[in-house]
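Report on one structure; see the data block that follows.
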Amino acid sequence: MNEALLSAVTTFVLAVFVGFEVISKVPATLHTPLMSGANAIHGIVLVGAMAIASEAKGPVGYALAFVAVVFAAMNVVGGYVVTDRMLEKFKSRPAPSKTKGPGEPR
């Protein structure tokens, strides 16, 4: 195993531990908004996928780059959709009408 791969694996494992610790400390009520925001931030994955797609060579490379871009785009769009759904839950509902109907006593 070369040094660069060992460094990348070490960084990945440390990121998994830090991510698990951060997520486990978040109250359940904030889990969905946090994950929605995290998905939206994952737009950097889309940028990375497009960078890889620009350097792809051959049909396999193009196919993998296309799949990477599609999955990254789905992740970003899903993050925004979930965030929008969560924000809809916090909107106040319209107050009931105080005018009385024709059959109601005055």
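The values are calculated or read from the model by the stated rules, or taken from the named source; none is laboratory data. Quantities reported herein were computed from a predicted structural model and do not represent experimental measurements. Every residue, glycine among them, receives a Cβ derived from its backbone with ideal geometry; neighbour counts consider all protein chains shown. When the accessible area is computed, the model is the full protein with side chains, heavy atoms only, and any ligands, DNA or RNA have been set aside. Shrake-Rupley method; radii C 1.70, N 1.55, O 1.52, S 1.80 Å.
Has the stretch 34-43 got any residue that is over 15 Å from the mean Cα position of the chain (by Cα) and of a type in the set (Gly, Ala, Ser)? The answer is no; no qualifying residue exists. Only one of the numbered conditions (1) modelled with pLDDT of 90 or more; (2) among the hydrophobic types (A, V, I, L, M, F, W, C); (3) exposed (fewer than 14 other Cβ atoms within 10 Å of the Cβ) is violated by LEU30, and that is (1). Within the stretch 75-86, does at least one residue satisfy the condition of being touching a helix residue (DSSP H, G or I) at 6+ places or on another chain (Cβ under 7 Å), of a type outside the set (Asp, Glu) and open to solvent by 60 Å² or more (accessible area, probe 1.4 Å)? Yes; the residues of the stretch 75-86 include at least one that is touching a helix residue (DSSP H, G or I) at 6+ places or on another chain (Cβ under 7 Å), of a type outside the set (Asp, Glu) and open to solvent by 60 Å² or more (accessible area, probe 1.4 Å).
For the stretch 41-90, residues that are in a helix (DSSP H, G or I) and over 30 Å from HIS31 (Cβ atoms) total 13. In this entry, GLY37 passes the filter for residues that are modelled with pLDDT under 85, surrounded by 10 or more Cβ atoms within 10 Å (Cβ to Cβ) and assigned to a helix (DSSP H, G or I).
One residue is enough: does the stretch 47-63 have a residue meeting the conditions surrounded by 15 or more Cβ atoms within 10 Å (Cβ to Cβ) and touching a Gly at 6+ places or on another chain (Cβ under 6 Å)? The answer is no, given that none of the residues of the stretch 47-63 is surrounded by 15 or more Cβ atoms within 10 Å (Cβ to Cβ) and touching a Gly at 6+ places or on another chain (Cβ under 6 Å). Scanning the stretch 63-106 for residues that are modelled with pLDDT of 80 or more and among the β-branched types (Val, Ile, Thr), we see that the one that is farthest from GLY37 (Cα to Cα) is VAL67. Scanning the stretch 1-26 for residues that are closer than 26 Å to LEU87 by Cα, open to solvent by less than 70 Å² (accessible area, probe 1.4 Å) and over 16 Å from the mean Cα position of the chain (by Cα) yields SER24, VAL26.
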